[in-house]
Amino acid sequence: MRSTIYSSVLSCLAAIAVAQTTPVWETLPPTPQLPGNPAGTHTEINGVKIWHAEFGTAVDGEVPVLMLHGGFGNSDYYGNIVKTLMAKHHVIVMDTRGHGRSTMDSTPFTYELYAADASALLESLGVAKAAWVGWSDMAIGTFAALLDGHNSTLVDRAFAFGGGHDPQSTNATFTSSATYAAFIGRATKEYAALQPDGDLKAFAAAVETLESTQPNWTEADFAKVKLGAKVTIADGQYEEAVVLAEPALLNSWIAGSQRVTLTNVSHFAPLQDPDQFAAEVEEFLSA
Ligand SMILES: *[C@@H]1O[C@H](CO)[C@@H](O)[C@H](O)[C@H]1NC(C)=O
Ligand SMILES: *[C@@H]1O[C@H](CO)[C@@H](O)[C@H](O)[C@H]1NC(C)=O
Ligand SMILES: *[C@@H]1O[C@H](CO)[C@@H](O)[C@H](O)[C@H]1NC(C)=O
Ligand SMILES: *[C@@H]1O[C@H](CO)[C@@H](O)[C@H](O)[C@H]1NC(C)=O
């Protein structure tokens, strides 16, 4: 009996010690809720139903902030950031097709299609231009919008966190990291909860095909981006999903762009340090 108590006290202490010594950039803090956990709205776009929700109020003379989550995720990951930004800005979050509460069809995913969906959503909301904030796959989707002659007209400015220009920009060790395993396990459960009629196998296959084969851009493509300092290339100090040389490369390819490295966080910065992330987005909005 006594030894059981001792051993559970000891394992408790050990757990506390681990919690204290695991640096935040190796953790996956809980997925927050969006403020008010809104029901949101589904809009028919390009053959699927795209889910979005809006926060804060439109500010005269200021474009709304469009927040686009990463692959396998959903808009909830931005919950704590939205909570901060909505105090001063009109914020729109959108679930990428197939992700979260947005449906998919048999059309293969492309970053161009992701960009076209987001552009069509803005158009349906009567938004002429937005400040696009994209994370991971939707940092790439944001690049796709910037590189498209039509969709780029809806981009006032762009904040791209953890994106790349081709599949080789993904760090080969990422999928064997503990954080990745934790994320995929969690995302699978969230998918089942948010999309009860979804087909996880088809969805996962579509994302995996996309990520392993696209995009395929070069310096010459990024030379077409003319937004200068209104583009921010952001990453985490301990980025583990994108090769470490990528942010500097993209920054050099987009003339006049800004580069920001968030301190003490990884690719999962929106969960690990939402306050720092929100502060950098505020800075970007004022550029
Ligand atoms: C987005 O780009 C695609 C491909 O060029 C185009 O078909 C679509 O009309 C564009 N949407 C908007 C709203 O610009
Ligand atoms: C990538 O694009 C280049 C042209 O820019 C082309 O030659 C090459 O085949 C493409 N690669 C893939 C994997 O699509
Ligand atoms: C890949 O990520 C690991 C772990 O974060 C890092 O040590 C390594 O340098 C990265 N590799 C590249 C090519 O950036
Ligand atoms: C980053 O993390 C290290 C180790 O946990 C800590 O000593 C340091 O104060 C942190 N820096 C910032 C800017 O939070």
Residues that are open to solvent by 70 Å² or more (accessible area, probe 1.4 Å) and over 13 Å from M104 (Cβ atoms), drawn from region 193-217:
A193, P196, E208, S212, T213, N216
Among (1) within 22 Å of V260 (Cα to Cα); (2) open to solvent by 10 Å² or more (accessible area, probe 1.4 Å); (3) in contact with a Leu (Cβ under 6 Å, 6 or more places away or on another chain), where does M138 come up short?
(2)
Going through region 229-252 one residue at a time, which ones are more than 16 Å from the chain's Cα centre (by Cα), free of Cβ contacts under 8 Å to residues at least 40 places away in the same chain and assigned to a helix (DSSP H, G or I)?
A248, N251, S252
Flagged in region 153-192 as buried (at least 19 other Cβ atoms within 10 Å of the Cβ) and without any contact (Cβ under 8 Å) to a residue 40 or more places away in the chain, in numbering order, are L154
Tally time: how many residues in region 114-128 are in a helix (DSSP H, G or I), of a type in the set (A, V, I, L, M, F, W, C) and over 16 Å from the mean Cα position of the chain (by Cα)?
4
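The values are calculated or read from the model by the stated rules, or taken from the named source; none is laboratory data. Because the structure is predicted, anything quoted here is derived from the model rather than measured. Please note: Cβ atoms are built from the backbone with ideal geometry, for glycine as well, and neighbour counts cover all protein chains shown. Keep in mind that these areas ignore ligands, DNA and RNA; they rest on the heavy atoms of the full protein, side chains included. Shrake-Rupley method; radii C 1.70, N 1.55, O 1.52, S 1.80 Å.
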